[in-house]
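Accompanying notes for the structure given below.
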Amino acid sequence: MSVARNTRTKKAPGTPKPPGKNAKKATPRQARGGRAAGPAAEPALHRMDLLESMLRIRRFEERCVELYSAARIRGFVHLYIGEEAVAVGVNEALTPEDAVVSTYREHGHALARGIPAEAVMAEMFGRTTGCSGGRGGSMHLFDASHRFYGGNAIVAGGLPLAAGLALADRMRGQHRVTCCFFGDGAFAEGEFHETANLAVLWNLPLLLICENNLYAMGTALERHEAQTDLALRAASYGMVAWAVDGMDVEAVEHAARRATEAIRAGAGPHFVEARTYRFRAHSMYDPDRYRDKAEIDRWKARDPIDQLMARLRENGELGDEELAGIEQRATHEIDDAVEAAEQAPEEPVEDLLRHVTSAPAG
């Protein structure tokens, strides 16, 4: 673990996620009685919330595999299977007023942020009811009502945007955090280094979450970075930085809460390297020939969902009935989302230039 400075902060109670603008059904928490989120709630119940949030993302992504294989959704699709602990843990530390900037592997980020599964699935189908109006697809999910600003297809492309959002908040005196997710491949891009430098120089309220899954597309980390301790490299800019087990959702949440509490107190940008792993190939087009099956199996043995499930069972906090209920709610929600997406309209041809060109003068 690499730490630039020691920042001691107390844990802040979590803030419930806002309801989705198109949500028709209760959120997982509402389905179990509307408890307050965060570790201030009963720990066992909070862990159940974390499990349900991760399982919901996993089942959504697995359905995307089925739909893509059946040619019912098209285009590039980058799955989040294996990395769910990062999105869920980090979002637990954010409030509805905070902003999130993401990558092209953002389905999990969007769902954890509170964007309804129906709106995300409709976007996958390219329908007008999608969160981006059907124009973004898998890589460009966007929802300003949830302060979710992409979905960016360019590696490291979201980092300067996140710096801009954080700068705007600082200039307006808004005590909000901007959280930017990006992968280890972004370290090879100038945007990361420019953003890190300016964030420290301007003391921006910016949380940088590096999802280090060891591969920049098909290139292993040690093949493109001389220094593979990414937290250490981030610390060289003068910001607080450390690494966390990205396969442990509780560890991720604790790290994110520690960082956001410090940022809100004026301590400037923080960097968290979440060491994680994607179980699927880079994209649905990727034959995945650059990884050893034994390596994949080793990481699958550390599945974040299985780990938390085992912890809950060991503590007597999860039984077969509770798990069946979680699975049933996820299945019903995703079934309904697919049905709604298939019935939703496509954008009419006469509207294709809307938001592209300005209206004729006069």
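With every protein chain present, what is the per residue accessible area of region 128-284 (1.4 Å probe, Å²)? Mind showing how you got there, number by number?
Values: 5560 Å² over 157 residues.
Ligands and nucleic acids excluded, the result is 35 Å² per residue.
At q = 0.11, 0.14, 0.18, 0.23 Å⁻¹, work out log10 I(q)/I(0) for region 294-362 with the Debye formula, treating every Cα as an identical point scatterer and leaving solvent out; two decimals please.
For the requested q values the scattering log ratios are -0.61, -0.72, -0.88, -1.04.
Do any trypsin sites (Lys or Arg not before Pro) in region 294-362 lie in a DSSP loop with no more than 16 other beta carbon atoms within 10 Å, and if so, which?
Numbers: sites: 298, 300, 302, 311, 313, 329, 354; in loops: 302, 354.
For trypsin sites (Lys or Arg not before Pro) across region 294-362 that sit outside H, G, I, E and B with at most 16 neighbouring Cβ atoms in 10 Å, the list reads 302, 354.
Any chance you could check the Cα centroid distance between region 279-301 and region 135-178 for me, in angstrom?
If you average the Cα positions of each part, the centres end up 29 Å apart.
Stick to the Cα atoms of region 267-321, pair each with every other, and give me the Kirkwood hydrodynamic radius in Å at one decimal.
Result for region 267-321, one decimal place: 14.3 Å.
Can you work out ³J(HN,Hα) from phi for every residue in region 85-99, in order, using Karplus 6.51 cos²θ - 1.76 cosθ + 1.60 and θ = phi - 60°, giving whole Hz and x for Gly and Pro?
Karplus values, whole Hz, x for Gly and Pro: 4, 5, 4, 5, x, 5, 5, 5, 8, 9, 9, x, 7, 6, 10.
Tell me which GluC sites (Glu not before Pro) from region 304-362 have a DSSP coil assignment and no more than 14 other beta carbons within 10 Å of their own.
Of the GluC sites (Glu not before Pro), the ones in loops of region 304-362 whose Cβ has at most 14 other Cβ atoms within 10 Å are 346.
Output wanted: per-residue J couplings in Hz (rounded whole) for region 148-155, from phi through Karplus 6.51 cos²θ - 1.76 cosθ + 1.60, θ = phi - 60°, x for Gly and Pro.
10, 9, x, x, 10, 7, 8, 4
Using the Cα atoms of the chain, I'd like the radius of gyration and the largest Cα-Cα distance, Dmax, both in angstrom.
19.8, 71
Which of the peptides 169-175, 54-60 is most tightly packed, and how do the rest follow, judged by the mean count of other Cβ atoms within 10 Å per residue?
54-60, 169-175
Starting from the Cα gyration tensor of region 109-253, take the square roots of the eigenvalues, sort them a ≥ b ≥ c, and report rounded, prolate or oblate (rounded when a/c is under 1.5, otherwise prolate if a/b is larger than b/c, else oblate).
oblate
So, R0 is 35 Å and r is the distance between the beta-carbons of residue 310 and residue 342; what FRET efficiency does that work out to, to 0.05?
0.45
Would you mind giving the three semi-axes, in whole Å and largest first, of the ellipsoid equivalent to region 140-221 according to its Cα gyration tensor?
Each semi-axis is the square root of five times an eigenvalue, giving 23, 16, 9 Å.
In whole Hz and in residue order, list the ³J(HN,Hα) couplings for region 113-130 that follow from phi through the Karplus curve 6.51 cos²θ - 1.76 cosθ + 1.60, θ = phi - 60°; x for Gly and Pro.
6, x, 5, x, 4, 4, 6, 5, 5, 4, 5, 4, 7, x, 9, 5, 7, x
Ignoring ligands, DNA and RNA, what percent of the 1.4 Å accessible area of the chain is carbon and sulfur?
52
Provide Rg over Rh for region 39-138; use the alpha carbon set for both Rg and the Kirkwood Rh (inverse mean inverse pair distance).
Rg/Rh: 0.99.
Can you list which of the GluC sites (Glu not before Pro) found in region 95-186 are DSSP loop residues with at most 14 other C-beta atoms within 10 Å?
In loop regions of region 95-186 (DSSP not H, G, I, E or B), the sparsely surrounded GluC sites (Glu not before Pro) are 97.
The values are calculated or read from the model by the stated rules, or taken from the named source; none is laboratory data. For clarity, every value in this text was computed on a predicted model and none was experimentally measured. Here the Cβ is made from the backbone with ideal geometry for all residues, glycine too, and neighbour counts use every protein chain on show. Heavy atoms of the whole protein, side chains included, go into the accessibility calculation; ligands, DNA and RNA do not. Shrake-Rupley method; radii C 1.70, N 1.55, O 1.52, S 1.80 Å.
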